[in-house]
Amino acid sequence: MKIRFNRDYLLSLIAVILGLIAGAILMIVTNNNPFEGYNYLFRGGTMNMQRIGNTIATATPLIFAGLSVTFAFRTGLFNIGASGQMLIGGLCATAIALNVSLPKILLLPLMIIVAFIAGGLWGSIAGFLKAKFNVHEVVATIMLNWIAYWTVYYMVPLYLKAEFLETESRRIPSEASLRIEWLRDFFDGSYINLGIVLAIIVAIIVAFILDKTTLGYELKAVGYNRTAAETAGIDVNRNIMLSMGIAGGLAGLAGLSLYAGIATNMQIGVLPMQGFDGIAVSLLGANSPLGVFFAAIFFGLLHSGKGFMTAMTGIPPEIADTIIATIIYFAATSVVVDRFLENRRKRRETK
Amino acid sequence: MLELLIQIFPYAIAFTIPLLITSLGGLFSERSGVINIGLEGLMLVGLFAAALTISQLERTMPGQAIWWGLLAAALAGALLALLHAFACVTLHANQIISGIAINMTSAALTVYLARAMTGSGNIQIMIGLSRRNIPFLSEIPIIGKMLFSGTYLTTWIVLFILLASWFLLYRMVFGLRLRACGEHPHAADAAGINVYLVRYIAVIISGACAGLGGGIILVTYSGEFNGTVAGLGFLALASLIFGQWRPLGILLATFFFGFASTIANVSQVIPELANIPGIILKTFPYVFTLIALVFSAKSSQAPKAIGEPYDKGKR
């Protein structure tokens, strides 16, 4: 178990290095100096308290999205619907924020619960279709992403419309925002918010559920071998629905931390990229909550530093997304590296 | 109402054609056993390549620029698809993760390059394909107006490709081999078929088709590259599933979805349609696909070996 653990992280590290090399090549192609580029990229994410705060804030939805993908993946399910679940969770939380007036201490928990349940229900649709009708969850979640996209597209102008703009919701009141004053002051006016505290708590809970409870054991058993799990008396269908439901709920929290933490309202016509970045986070974090946390911080750094890099060097900010996409590609193909390491280990053992 | 239908029809067809060719591309890939959820990214890279080529050539050779652009679109799609094929076929990677990587790479890389070149990230072209009436056929009452008036040449090219693909897949040896690789690769291998090669070819064809689809969006109705194809690649994927992985099926499915999307797009300016909620028109392709999947799950026509990397050593 220990060896496997280390090798997963080694593979992730190789994927990151290859991704950074690919980014460097791209910088050279467009006549830029990659050392300068990376220098400004990392400084842009870390050079003062405000930027560190922004890096953490940017990483927050990625932690939730990564946990969501990881949770489903432990049950052998592929949740590529985190984007849609984020939208639905965010939409319902925003609806609460704009229509319910309560003191902050009551309103925030209510929004958290609503975002979790809304995202969870959206996710469990895919789980239900998988369990009852054997509809592949990848296809179902893709369709649900676009249903969510168009739902937000039409619902926001209809019910939550801003005063002047048709394309976004009203701003949520400060009682409904995850941002709080002392945290902002501590990080010199950064948009860091309570989302990160929630993310850490949730990551610990997820790790606990997966590793220390019967539910986690059953979920993983279904993921390893569905037939064997069924034979052992585990209700496979129930676990599939539950897994997608919880994964959806986690993505709903990602939506909350995006729309009520980083942003102050919802824009229509945007499928949040964090849902897809969550897949990268999960792969890079070797599907463990701790790994997810560090991977999300790393991607948060890339995203929050890219603006500074662009301002200083003129390298387009999309370099960050390119690096992330490349990392996913290398993580997908890491089987080869894995096999190479395995062969070398075997050869050494036979010597 | 008929008058309205006649008015909408040419737009619906223009919207359907890129979907159709992309979905057809997906058909090649998935029939050979490789899932391709990278269609969205492949379309986008085609759109980008076409915009880049045409914007460079339109001053010097305005007559040919569009066709070079479409060629570039197909080539760019094929090239990116090669990356997907390499991961899925040679490296036995997870086909879904690779497809996601293709989508994300395409979305990031095209905008990165566009920004590095133009500064704004948008590439506009000044010329577009002109609409033409087909002689004689467009004179036929009603049908002439609906199908043969104001058509783009690309529409007929795509329909020809569809017909040729049907012939290739169902009437020629290569098509039989391709489908065999998607149903039972081990048997295909035992029969002397090079499964790896067939899958490579199929995935590259799918990239070329999807790239062409992106290029057609540019030269017919969009006129600019702005970093997204707004989910059309996923709509093409839905059409592929809804059409049950058959050429005629995807023709009907893409037209059905294309027509619905067109109605949704124009419903605000046409009073007769204003009372159909846009949300229903826009979401129903996806809802229908889910429902179709529920009903077809037991007798699914999906290729049997879809998604499984083929490993010669495993029997």
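The values are calculated or read from the model by the stated rules, or taken from the named source; none is laboratory data. Bear in mind that the values here come from a model prediction, so they are computed numbers and not experimental data. Virtual Cβ from ideal backbone geometry, glycine too; neighbours counted across all protein chains shown. Please note that ligands, DNA and RNA were not included when accessible areas were found on the heavy atoms of the full protein model with its side chains. Shrake-Rupley method; radii C 1.70, N 1.55, O 1.52, S 1.80 Å.
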Handout entry: A:Leu250 being open to solvent by 50 Å² or more (accessible area, probe 1.4 Å), more than 14 Å from chain B (Cβ to nearest Cβ) and within 19 Å of A:Thr75 (Cβ to Cβ)
Key = no
Handout entry: Per-region count, segment B:33-64, residues modelled with pLDDT of 90 or more and in contact with a helix residue (DSSP H, G or I) (Cβ under 6 Å, 6 or more places away or on another chain)
Key = 22
Practice task
Report yes if B:Ala116 is at pLDDT 90 or above and part of a helix (DSSP H, G or I), otherwise no.
Solution key: no
Practice task
Would you mind stating whether B:Leu197 is in a helix (DSSP H, G or I), more than 19 Å from B:Ala12 (Cα to Cα) and free of Cβ contacts under 8 Å to residues at least 60 places away in the same chain?
Solution key: yes
Completion exercise
In the set A:Gly123, A:Gly119, the lone residue that is more than 11 Å from chain B (Cβ to nearest Cβ) and either under 14 Å from A:Thr94 (Cβ atoms) or open to solvent by 20 Å² or more (accessible area, probe 1.4 Å) (or both) is A:Gly119
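Does segment B:151-169 hold any residues that are within 18 Å of B:Ile201 (Cα to Cα) and open to solvent by less than 60 Å² (accessible area, probe 1.4 Å), and which are they?
If the condition is that a residue be within 18 Å of B:Ile201 (Cα to Cα) and open to solvent by less than 60 Å² (accessible area, probe 1.4 Å), then B:Ile161, B:Leu162, B:Ala164, B:Ser165, B:Leu168, B:Leu169 are the ones that fit.
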Practice task
Test A:Leu215 against the criterion of being more than 14 Å from chain B (Cβ to nearest Cβ) and either acidic (Asp, Glu) or open to solvent by 30 Å² or more (accessible area, probe 1.4 Å) (or both), and give yes or no.
Solution key: yes
Handout entry: Residue check for B:Phe225: over 14 Å from A:Val139 (Cα atoms), more than 9 Å from chain A (Cβ to nearest Cβ) and over 14 Å from the mean Cα position of the chain (by Cα)
Key = yes
Practice task
Could you check A:Asp185 against (1) at pLDDT below 90; (2) part of a helix (DSSP H, G or I); (3) under 22 Å from the mean Cα position of the chain (by Cα) and say which number it fails?
Solution key: (3)
Exercise for the section: Report whether or not A:Ile105 is over 24 Å from the mean Cα position of the chain (by Cα) and either closer than 24 Å to A:Arg179 by Cα or open to solvent by 10 Å² or more (accessible area, probe 1.4 Å) (or both). Expected result: yes
Fill in the blank from the handout: Those residues of segment B:84-101 which are open to solvent by 10 Å² or more (accessible area, probe 1.4 Å), assigned to a helix (DSSP H, G or I) and touching a residue at least 12 places away in the same chain (Cβ under 8 Å) amount to B:Thr90, B:Ile96
Practice task
Can you tell me which residue among A:Phe294, A:Phe330 is at pLDDT below 90 and open to solvent by 50 Å² or more (accessible area, probe 1.4 Å)?
Solution key: A:Phe330
Fill in the blank from the handout: Filtering segment B:81-90 down to residues that are closer than 22 Å to B:Gly213 by Cα and away from chain A (no Cβ under 11 Å) yields B:Ala81, B:Leu82, B:Ala85
Exercise for the section: Look through segment A:151-173, keep the residues that are open to solvent by 30 Å² or more (accessible area, probe 1.4 Å), of a type in the set (A, V, I, L, M, F, W, C) and more than 8 Å from chain B (Cβ to nearest Cβ), and return whichever of them is nearest to A:Leu91 (Cα to Cα). Expected result: A:Leu158
Problem - All helices (runs of 4 or more DSSP H) inside segment A:207-304 with 1 or more residues being closer than 25 Å to A:Arg184 by Cα - result: A:236-257, A:274-284
Exercise for the section: Considering every residue within segment B:276-283, establish whether at least one is within 12 Å of chain A (Cβ to nearest Cβ) and within 22 Å of B:Leu44 (Cβ to Cβ). Expected result: yes
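Please determine, by comparing only the residues of segment A:260-271 that are of a type outside the set (Gly, Ala, Ser) and surrounded by fewer than 24 Cβ atoms within 10 Å (Cβ to Cβ), which one is nearest to A:Thr60 (Cα to Cα).
Among those that are of a type outside the set (Gly, Ala, Ser) and surrounded by fewer than 24 Cβ atoms within 10 Å (Cβ to Cβ), it is A:Ile262.
For B:Thr262, are the conditions met, namely being more than 9 Å from chain A (Cβ to nearest Cβ), within 22 Å of A:Gly269 (Cβ to Cβ) and of a type outside the set (A, V, I, L, M, F, W, C)?
Yes; evaluated as a whole, the condition is true for this residue.
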Practice task
Being away from chain A (no Cβ under 11 Å) and open to solvent by 50 Å² or more (accessible area, probe 1.4 Å) is the filter; apply it to segment B:106-126 and report the residue that is farthest from A:Ile28 (Cα to Cα).
Solution key: B:Met126
Handout entry: Scan of segment B:22-69 for residues that are surrounded by 24 or more Cβ atoms within 10 Å (Cβ to Cβ) and of a type in the set (Asp, Glu), ordered by number
Key = B:Glu30, B:Glu40
Problem - Residue list for segment B:211-233, filter: open to solvent by less than 10 Å² (accessible area, probe 1.4 Å) and of a type outside the set (Val, Ile, Thr) - result: B:Gly211, B:Gly213, B:Gly214, B:Gly215, B:Leu218, B:Phe225, B:Gly231, B:Gly233
Exercise for the section: Mind telling me which of the residues B:Ala65, B:Ala14, B:Ala78 ends up being under 30 Å from A:Ile327 (Cβ atoms) and aliphatic (A, V, I, L, M)? Expected result: B:Ala78
Practice task
Check segment B:234-251 and report whether any residue there is buried (at least 19 other Cβ atoms within 10 Å of the Cβ), within 30 Å of B:Gly119 (Cα to Cα) and modelled with pLDDT of 90 or more.
Solution key: yes
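Given the residues A:Leu77, A:Leu26, A:Leu67, which is the only one that is within 14 Å of another protein chain (Cβ to nearest Cβ) and open to solvent by less than 10 Å² (accessible area, probe 1.4 Å)?
A:Leu77
Is it true that some residue in segment A:129-150 is within 13 Å of chain B (Cβ to nearest Cβ), part of a helix (DSSP H, G or I), touching a helix residue (DSSP H, G or I) at 6+ places or on another chain (Cβ under 9 Å) and surrounded by fewer than 21 Cβ atoms within 10 Å (Cβ to Cβ)?
Yes: segment A:129-150 contains one or more residues that are within 13 Å of chain B (Cβ to nearest Cβ), part of a helix (DSSP H, G or I), touching a helix residue (DSSP H, G or I) at 6+ places or on another chain (Cβ under 9 Å) and surrounded by fewer than 21 Cβ atoms within 10 Å (Cβ to Cβ).
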Fill in the blank from the handout: Across (1) buried (at least 21 other Cβ atoms within 10 Å of the Cβ); (2) under 17 Å from A:Pro173 (Cα atoms); (3) without any contact (Cβ under 8 Å) to a residue 24 or more places away in the chain, A:Leu91 clears everything bar (3)
